Every structure is written in structure tokens, then in C-alpha cells.
1. Taking only DSSP H segments of four or more residues, each worth -39500 (n - 2.57), what value at 222 nm results for the chain once the sum is divided by all its residues, to the nearest 500 deg cm²/dmol?
2. Once the cut-off is 20 Å, how many percent of the Cα-Cα pairs in segment 247-369 end up in the long-distance tail?
3. Taking the Cα centre of the chain as origin, work out the dipole magnitude from +1 charges on Lys and Arg Cβ and -1 charges on Asp and Glu Cβ, in debye rounded to 20.
4. Return one number: the angle in degrees, 0 to 90 and rounded to the nearest 10, between the long axis of the Cα atoms of helix 273-290 and the longest principal axis of the Cα atoms of the chain.
5. As an exercise, use a Förster radius of 22 Å and the Cβ-Cβ distance of residue 176 and residue 469 to find the FRET efficiency, rounded to the nearest 0.05.
6. Are there cysteines in the chain with no second cysteine's Cβ under 4.7 Å away, and if so, which?
7. Could you order the peptides 323-330, 97-104 from most to least packed, using the average number of other C-beta atoms within 10 Å per residue?
8. Past 22 Å, Cα to Cα, is the threshold; run 194/347; 149/170; 55/124; 401/451; 170/260; 164/198 against it and keep the listed order.
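Just so you know, all these numbers are worked out from the coordinates, no wet-lab data involved. What you see is a predicted model, and the numbers here were worked out from it, not measured in a lab. Reconstructed Cβ throughout: ideal geometry from the backbone, glycine too, with neighbour counts over all protein chains shown.
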Amino acid sequence: MSSKRVNKYFILSTYVFALMRMTTSQDVYVFDDTSGLGRTFDGIGALSGGGATSKLLPGYPEQQRNEILDYLFKPNFGAALQILKVEIGGGSQSGIGSEATHIYYDGDENYERGYEWWIMVEAKKRNPDIKLYGLPWVMSGWVGNGTSKSPYTYPDRTATYIVKWILAAKKYYNLTIDYIGEWNEQQYDAKYLKILRKALDNAGLQNVRIVAADDYQGELVVDLGNDLFLDTELATAIDIFGVHYTSTSSTIDQILSGKKLWASEDYSTINTLLGGRCWARILNQNYVNGLMTSTIAWNLIASYYQGMPYDRCGLMTAYSPWSGYYSVDTPIWMSAHTTQFTKIGWKYLSRQTGVGHLKHGGSYVALTSPDRKDLTIIIETMAYNASQCLHEVLTKYDVHKQNLTLKLTGSFRYIDSLFVWYSQIGDETQKANLVLFESLKPLQVVNGTVKLTVDVNQIYTLTTVSGGSKGKHPDPPVSKPFPLPYVDTFEDVPYHQEPYFLSPMAGSFEVVLGKNGKRVIRQMTVLPPVDWCETENFSLALVGNISWHDIFVETSFSLDVPYAAKGVFVAVRVNSGGCYTAGGEGIFFHIFPGDGQYQIYNDAKRSMLLGFGPISGLNASGWNRIAMVIKDYFATAYINGQLLFGIRVPLLPDHGFVGLGTSGFGHADFDYICVMSSDDGSKYQTCKYM
């Protein structure tokens, strides 16, 4: 045999041996508690709000609404979430939309506003053990004392604002808030954090834990880590080091601080199969790599209009309340692999004896109950190119099929079998290669040993905990487009709540009793808010479908209210929302009764004037009807049924939402909203469906 042939044989045999080892060798992993345990598990959660992300959920029919809430919160049914984080609304844009605040101005205080109270109550109803966590994005102009300045300008006022919200949760809803954040993704302020801690303690809220800095992994978070070493009072005030989008890593300062480490906002990924793989991987690797004991998804449920930023970036989807349609998406079942078989207060096992990386890609974590009688092991093998989360910097790695030998020792040596739950998430072109949270035959433990073969994009839960289940409600109704004609007189909406399908983008709208003796919606933001997104001096609420081309809209308005806005408007083909609201285009028809004038703009912030003129036929006080019809690129506007103008708008967006709002902040009442096709509104006198 020639040396060349020997070399070829040697190379080939080495390759075959390596391949066999890669796919068939037994890799041994030990699960042992004799040398101690790791950190305490604080739970898996999700965020309602952070931009009005649950907006459409309250408008669902009761049956489907209850089903959705079961999939999110009910133990041993679906995601079985252990933490619910909610936005403390500020009355202005915070990401996808705007949420109501409990104080708009001096003399105004109301705890019936907004839907986050309702969501917290429903979560607690299903799982009394769920932990609650509040965080502001925007803050009311009351906090800035009408100056729109940083909330740290008046730190005592800001602390009072937060403490009032926490106390109201208990007083009006019997809700105990467990955790409170500072200000979402903004510069932390040591002075304010100390004042907040004192304010909580003085109000008898010593058990409320402060999370800081609720910001992206970066320079500001590093600065906080340094400050904790230098400032004893600050270190005492903060209980949890909360970081956003950590890419599963922590800094040395965070670890050495001795604080609990949380991924206090993570995920933000479309809930396709990619989102499921992303979520499954970080739920393990946030602890394996970063010692983070809680991971909280943004967001809880994608229940906002399609066409908004971050479409479907929720654990599940519910964007069609008019039809009752919703979808239970892959991340729900990835959550269940951990939440249905653990509890807050369990302990992770230590690294190398229960927590680590698999030799050929993937990771494993093990958690045990305080009495060490129960053990849960979660194994994931999500591929690099198929599991990247949004906002994540992920180091490249490989995953291969591998055979595992799991050795149970210490307190776990007496375990004789493990229940098995399994998922396989193939790629988007291989939907047949999809198994979600399936119960398999229990594995027998022989002499403390379990053998398991795992392949790419799989997740296994091996556990002593019985009772897990893949909950199932009847299939929801099919999805349907937004219904036209659409008329809302708000008579079925509770006072101080938003109309179900009207989605505030700037400012805030709630149902009140109008001077006409009927329910009306009032724009509530009066003082310039302390913003999170870029906003301008106007309010805007959207309704409908971003694909609408030819459309008619009508409402009736009154400025005979305290703190009245200068003007109001209706809009069509509004092509932008969320944090991009201020830059949105469309056609905006403004009425300024005090000036006796109308103005037409091509954008939300009134920088592109298309036309203006005097108004006749206005009621000096009381109610006036305002309407607009768009057909192709010709718009017609009316006041009280009388034609005011017709204008060709060649640069108008091709499609967009319908909207209404105020020209500047201030109160304005709207008696109804009517939307129909342009054909129905082409021979206009008034909305024929009223």
C-alpha cells in the first residue's frame, strides 16, 4: 500500500471517526447538588404595554378573550406565565401606541383608566401566585409640572406619581405590585432611585422591590454597575439589576454587584417559528451565559393593528377582535417547557453539575424545588442561523445531533423516572417537521442514568413534576377584515375606558359623560407629557386598516369643555403610527373654531400646508359635524353637511388608517365616529348609518 493511499485512508478514517463521534458518541452530563446550588429562579414573564401592545384585547368577544387569557396565564395550560410586567401609562406615545395615565394635571386623579388594571386582575384570577411589575415609559405632564422636562427635575413629584399608582392597585383592585422600575430605557438617576425607595418605605411599601436600570446592555448599565460599588445608599435602594436585550450575557460588575440579574425586557421577535426558537434558546442561555434568573418578553400579546411597528412581536397574536380570531403561536409552548414544571423560588443547579452548554451545540439548565424532591431539566438545541432574536448580537456556533448520558446524583439519585415533554421546530419551509409541546413516554432512570438523543432545533423537558398539559380551546373564528361601515357611539364602553377599536397614537382618549347627556370620547392630555418617543404638540387616534384607499370618515365634536384644545381634525390615509407617528403622512383636515378657519395638511405635525380658508356655518358653541371623503387622489370636506372644499392631493399616500384628534394638546369631545367606503359617502349629507 503506497504512502499516498495510506494518507488518504488515514484522512478518510479520521473524518468518519470524527463524524461518528459527532453524531453517536455518548456525552456525559452530571446533575448533582452536593457541592451547592446556583441562583434562585425568579420566573418567566411577559410585558403588557411598553407601547399599548394589548390595545385590541379588551374588545374581543368574551369567549375568545377568556381563551386568550387562559393560554397566557392559566397554570398547566399554556404559557403559564409567572411574571406580568405592565406599562404605567403616561398619556402619550410609548412604542406602538399611547396608554392612559392616572393623573393628567393638578386636580385630576382617576384609577379607572386604562386596560392594564383589567389584565392584571385577569392574570391573578387565573394564577394567584403570578408576580406583578410596573414600569413607566412616558410620564404624564403632571410629573414635569407642565414643563415636559425630565422626571428627575422634580424627583419627589415623580416618586409620588409612582407610589400613588402602586397604592391604587391595592385599594381599587386588590393587586399587590411586587416590582417597580425606574424609567424605561432612559438615563438612570441615582438621586431619584434613593427618593423612590424612601417614598415606597414611607408609604408602607417596603416589600416592593426596585428594578434598575431597565435599559439596554451598554455604557449606562455599566455606569450603574460601577455606581453600586461606590454608593452604599444606591446599592441598598436597588434590588434587581434589570437589563434589556443582553444577548444572554452579563458584565462582571453586574455579577459582582450581588444583585439579582434579570433580562427585564427581551425577545421582541416576530412570533413565527423563528420567534419560537429565539425564545426557547434565551430562556435557557440567559442563565447559562449570564446568570439571569428571570426573562421577560416584549411583548405579552401582539394585540394592535397590523401596519404598526413590530408586527406580531408577541408570545401570541390577537389583532382581530371584530372577528374573534387569534393565534396561539410557537413561543407560548416554548414558555411552557419551563413554566409548567418550575416555580418561583426554585433553585438552579450549579454550573457544570446541572447548568451548561452541550458539547455539540445547545444548552441545558436544571432546577430543583426548595426541598430538592423535584427536578426539572430543560435542554435546547436551537441552531445559530435559525434562532437569532431582534436586538441581539449572537456569536456564531454549530449544533449537531448528539447522544446524551445524564447522571443523577446527590439528592436526585433516587429518581426512577422522568416525565418527558418535547418540541421540534423545523424551519419555515418544513412545517411538517413541527412538534409543539408533546408529552412522550416517561424515561426510566437506571442506576442514576438516563440516555437521550437530541437533534437540531429541539427542546426537551425532563421532569419529576406531573400535571403538565397542552391546553386546548376550540379553534377561534376565522380572521376577517375590519368591518365597514363602522359606527361607534361609545355607549357600550365603560366610563374612563378607550373605545375598543380606537387606537391612540398621541395624547389619550377616554369615554366620559358629555354635556349632551351621552357618552362621548374626550382627548385627555392637556400638559406636554414627558415623552419617550418623538412627539409633537397634537393628539391622534387611529382606527381601521392601513390598506384603506378610498374612504369616508365623519365625527361630531365640541370644544365647549374646560382646558379646550384650539382645534380638531379628521384624517385619512394615515400611513404611520407607533414611534413614527410624528412623521406620518396622509391628509389632515383641521378646524379652528376660535379663528373661524380650516387648514389642510399633508402630514401629522402640520409642516406641509395644502390649503386653508374661512369657515361658515359653524355653531358658536355645542356640536359641529366634520367629515371628509377621499376618492383616488381627490379629497372633499364638509362642515355640518355643507361642502367646504374639494382638493386634489397628488402626493397623498396610496393607503392608510382613518384618524381623529386635536390640533395641540387640550380637551375636545367627540360624539361618535363613522367610517364607510367612499362610494357610500359620495353623495354626502350625513353618515347614513347614524
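1. Details: 11 runs with 132 residues, N = 690.
Estimated from H runs of four or more residues: -6000 deg cm²/dmol.
2. Working: 3642 of 7503 pairs.
Taking all Cα-Cα pairs of segment 247-369, the fraction more than 20 Å apart is 49 percent.
3. On the way: 58 positive and 66 negative charges, 402 e Å.
Roughly 1920 debye, rounded to the nearest 20.
4. That helix lies at roughly 60 degrees to the long axis.
5. Values: r = 28 Å, r/R0 = 1.27.
My answer for the efficiency is 0.20.
6. Cysteines of the chain left without a disulfide-compatible partner: 313.
7. Details: 323-330: 21.5, 97-104: 27.2.
For the peptides 323-330, 97-104, the packing ranking is 97-104, 323-330.
8. Details: 194/347 30 Å; 149/170 30 Å; 55/124 19 Å; 401/451 14 Å; 170/260 26 Å; 164/198 14 Å.
Distance filter (> 22 Å) returns 194/347; 149/170; 170/260.
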